[in-house]
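Novice: For reference, the structure I am asking about is given below.
The values are calculated or read from the model by the stated rules, or taken from the named source; none is laboratory data. Only a predicted model underlies this, so the values are computations on that prediction, with no experimental measurement involved. Neighbour counts run over all protein chains shown; Cβ positions are idealised from the backbone, glycine included. Note: accessible area is taken over every heavy atom of the protein model, side chains too, but ligands, DNA and RNA are not part of it. Shrake-Rupley method; radii C 1.70, N 1.55, O 1.52, S 1.80 Å.
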Amino acid sequence: MKAVIQRGRNASVTVKGETTGSIDEGLVVLLGVTHDDTEEDAKYLADKITNLRIFEDDQGKMNLSLKDQEGQMLSISQFTLYGDCRKGRRPSFQNAARPEPANELYEIFNGYVRDQGVPVETGAFGEMMDVQLTNVGPVTLILESKDR
């Protein structure tokens, strides 16, 4: 499982002209699922992301987590994170999980985040989405569950 996380504010996702999720302050997470990912991967990333100390404290140091900040999460499924661009000019998405198991693990991830007391807003799985974000810092990090 792969996540691109961005510290943000005023983030939202729109599907077919309708806003499906928005946050004021917190993290925007683009989440991709591959074939051999499990519930354990979802749990690991949910815990890692919600406790990652990437928000500034009173001294301006990255010392606070999303939970410390009482922030929100905008979670967006993103199969293209597993796009392989090494050959040719068109990405291959063979490494992305099929929609049904990917959606299941995406929902499990969101559930684990909510279980930690973090409000989660979402896009719409499998839909074309417009994402707007004010990236604060900017801070953008990439995490993979297999790298633990």
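Novice: Which residue pairs have Cβ atoms closer than 7 Å, lie 6 or more positions apart in sequence or on different chains, and pair a first residue in region 39-54 that is at positive phi with a second residue that is open to solvent by less than 40 Å² (accessible area, probe 1.4 Å) and of a type in the set (G, A, S)?
Specialist: none
Novice: Another question, then. Going through V118, V113 one at a time, which residue ends up being open to solvent by less than 40 Å² (accessible area, probe 1.4 Å), under 18 Å from K48 (Cα atoms) and in contact with a Gly (Cβ under 8 Å, 6 or more places away or on another chain)? Steps first, please.
Specialist: Values: V113 fails: in contact with a Gly (Cβ under 8 Å, 6 or more places away or on another chain).
After ruling out the rest, the residue left standing is V118.
Novice: Cβ-Cβ below 7 Å, separation at least six or inter-chain, first residue in region 137-148 and open to solvent by 100 Å² or more (accessible area, probe 1.4 Å), second aliphatic (A, V, I, L, M) and assigned to a helix (DSSP H, G or I): which pairs?
Specialist: The qualifying pairs do not exist here.
Novice: Select from region 3-27 the residues that are β-branched (V, I, T), more than 27 Å from Y44 (Cβ to Cβ) and in contact (Cβ under 8 Å) with a residue 60 or more places away in the chain and list them in ascending order.
Specialist: Of the residues in region 3-27, the ones β-branched (V, I, T) are 4-5, 13-15, 19-20, 23.
Subsequent filtering for residues that are more than 27 Å from Y44 (Cβ to Cβ) retains 14-15, 19.
Once the filter is applied, which keeps residues that are β-branched (V, I, T), more than 27 Å from Y44 (Cβ to Cβ) and in contact (Cβ under 8 Å) with a residue 60 or more places away in the chain, region 3-27 yields T14, V15.
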